[in-house]
């Protein structure tokens, strides 16, 4: 909306469309493997202004910055047997497909793949995913592996900001650690002082993620009364602004069931701060987690909302059991 108003003020502001797309993708508005509605027009503005490239590609995070095998390792939605969370499995897959890991002494990145290599890799990933996905969700698998990728053409070729996903992660990390000014200045164009501060914060963000994952590994997950929900209480271990990030990452590991939503809870002065996440597969099946969490929170005197696959709520601490029960019942109703 900010971009659309800016464009009306001055058509020359169309070059800001790339930032709007970063925001849309950061909010997972491309869950269908492509942008829809106004977002498509905004992307066209970016393409016409030569600040954005949109093309069909493998949906791998870190296309411009990470080795191919590392991007495959983090592909967990949908989960790929023998690939997701397995470095040896990823390396073995690439060797089996005759895709070199290195070139000129350096690691090859997803953007370095030839079209033929991408086709071989996509076919194998989709085939493997089919074997591990419930029958009713099989039709959605290709759209989660192949889709629209968005490149910010004004950014350096090896910068994490080159890819819209990476840019969104950077901005998100500044907000999650209560340093939004850094993210604002980077979005405005700073590539010196604030950019360096952002990269330092991103490293801290990754260390915090590692600590959060270690906490979940040690404490484990609880199950909802009807086994349609999984949750953890991270009070004293994670910041309330960070619990959603950890929940998202836990969802992509063997620590939990990918086909059930996950909830993270942090108690702060008598109030429970709640973050909920679900896989894109569940969303495509028809689950609207935001609607469920809003209704469940409202029913116990709290408030909630967000996006279909990522949302949150606040309720009184003593209402947590009732909230979880209502939330699980609403999830069951939707999935039925």
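The values are calculated or read from the model by the stated rules, or taken from the named source; none is laboratory data. All of these numbers come straight from a predicted model, not from anything done at the bench. When we count neighbours, we look across all protein chains shown, and the Cβ atoms used for this are built from the backbone with ideal geometry, even at glycine.
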Looking at (1) modelled with pLDDT of 95 or more; (2) crowded, with 19+ Cβ neighbours inside 10 Å; (3) farther than 30 Å from residue 1 by Cβ, can you tell me which one residue 63 breaks?
(3)
Given 46, 62, 33, which one is assigned by TED's automatic domain parsing to the domain that holds residue 116, in contact with a helix residue (DSSP H, G or I) (Cβ under 6 Å, 6 or more places away or on another chain) and in a helix (DSSP H, G or I)?
46
Test for residue 285: is it within 18 Å of residue 79 (Cα to Cα) and surrounded by fewer than 24 Cβ atoms within 10 Å (Cβ to Cβ):
yes
Right, residue 245: closer than 29 Å to residue 324 by Cα, within 19 Å of the chain's Cα centre (by Cα) and surrounded by 14 or more Cβ atoms within 10 Å (Cβ to Cβ) or not?
yes
Among the candidates 182, 171, single out the residue that is touching a helix residue (DSSP H, G or I) at 6+ places or on another chain (Cβ under 8 Å), in contact (Cβ under 8 Å) with a residue 12 or more places away in the chain and assigned by TED's automatic domain parsing to the domain that holds residue 64.
171
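Kindly indicate whether residue 197 is part of a helix (DSSP H, G or I) and either crowded, with 17+ Cβ neighbours inside 10 Å or under 20 Å from the mean Cα position of the chain (by Cα) (or both).
yes
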From 24, 18, residue being part of a helix (DSSP H, G or I) and without any contact (Cβ under 8 Å) to a residue 60 or more places away in the chain:
24
Has the stretch 144-163 got at least one residue that is in a helix (DSSP H, G or I), modelled with pLDDT under 95 and under 14 Å from residue 60 (Cα atoms)?
yes
Here are some residues: 87, 71. Which one is surrounded by fewer than 20 Cβ atoms within 10 Å (Cβ to Cβ), within 22 Å of residue 151 (Cβ to Cβ), without any contact (Cβ under 8 Å) to a residue 60 or more places away in the chain and touching a helix residue (DSSP H, G or I) at 6+ places or on another chain (Cβ under 9 Å)?
71
Please go through the stretch 176-186 and pick out each residue that is assigned to a helix (DSSP H, G or I) and under 12 Å from residue 202 (Cβ atoms).
176, 182, 183, 186
